[in-house]
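Have a look at the structure below, then the notes.
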Amino acid sequence: MEAKVSQFINNERSFTFQLDTEDGGHYILQAVNKKEMNKWLDTINRVTSTAAKRRLTYLGPKPQIRDHIHEQPIVASRDPRAVFGVELEFLLQREVGGGPVPPGTVPVIIDQCLSKVEAHGLTEVGIYRIAGAVSEINALRDAYNRGEFPITKVNDIHAICDLVKAWFRVLPEPLFPPSSYHDIMAAMSKSSLKSASVVLTLA
């Protein structure tokens, strides 16, 4: 966990220092003398720096936009049970039983994953950033592709987040087509959600 530490000026107590953690924690600590306080400051800074370097190595380099652009088109799956690599319209029509798809309908996998994240993961450090276990991600993906609903209370939140990203990554067609790029950028420049919605509605 990342942390920041600094000397804390306190007129009532000597040798105090403040520790701020990345999960929002704020702690005021006191040493018995200045030498011990400085030792604590040096140690915490050194450990934090080492942990940050290890995390960067674990997470890998920062993703670039080009990493999400398919050099080769993804061939849509027509497996009657698969949910990964399936055209969105085909998947939704299959899930609603072949009839008209009601506005606002989202795939079951996305609904289940996001419900899990919103219920148990919003306070998790590194949400959508720290990688989940590859074995668990693959097991969840394979289960969904078999027509199962494998999300349970014991699943790791980071694995579920990676599952969501993996689903979007293999969509045969992007959720936002290239032709809408300029409209989306124009909407993002608006200062309010209402103004952005107007831009996208008129596009």
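Apply the a/c threshold of 1.5 to the C-alpha gyration tensor of region 113-155 and tell me whether it is rounded, prolate or oblate.
Because a/c hits 1.5 or more and a/b fails to exceed b/c, region 113-155 counts as oblate.
Could you calculate the contour length gain from T16 to A133, that is, 0.36 nm times the residue separation minus the distance between their Cα atoms, to one decimal place in nm?
38.1 nm
Taking the Cα centre of each part, how many Å lie between region 167-182 and region 101-145?
So the separation of the two Cα centres works out to 19 Å.
What's the ranking of 116-129, 183-196, 80-93, 152-165 by average number of surrounding C-beta atoms within 10 Å, highest first?
152-165, 80-93, 116-129, 183-196
Relative to the compact-globule scaling 2.2 N^0.38 Å, provide the ratio for the alpha-carbon radius of gyration of region 103-188.
Cα Rg divided by the expected 2.2 N^0.38 Å: 1.21.
Taking the Cβ-Cβ separation of V96 and A186 as r and a Förster radius of 41 Å, what is the calculated FRET efficiency to the nearest 0.05?
For R0 = 41 Å, the calculated efficiency reads 0.80.
Values quoted throughout were computed directly from the atomic coordinates according to the rules given, and no laboratory measurement underlies them. All of these numbers come straight from a predicted model, not from anything done at the bench. Heads up, the Cβs are rebuilt from the backbone with ideal geometry, glycines too, and the neighbour counts pull from every protein chain shown.
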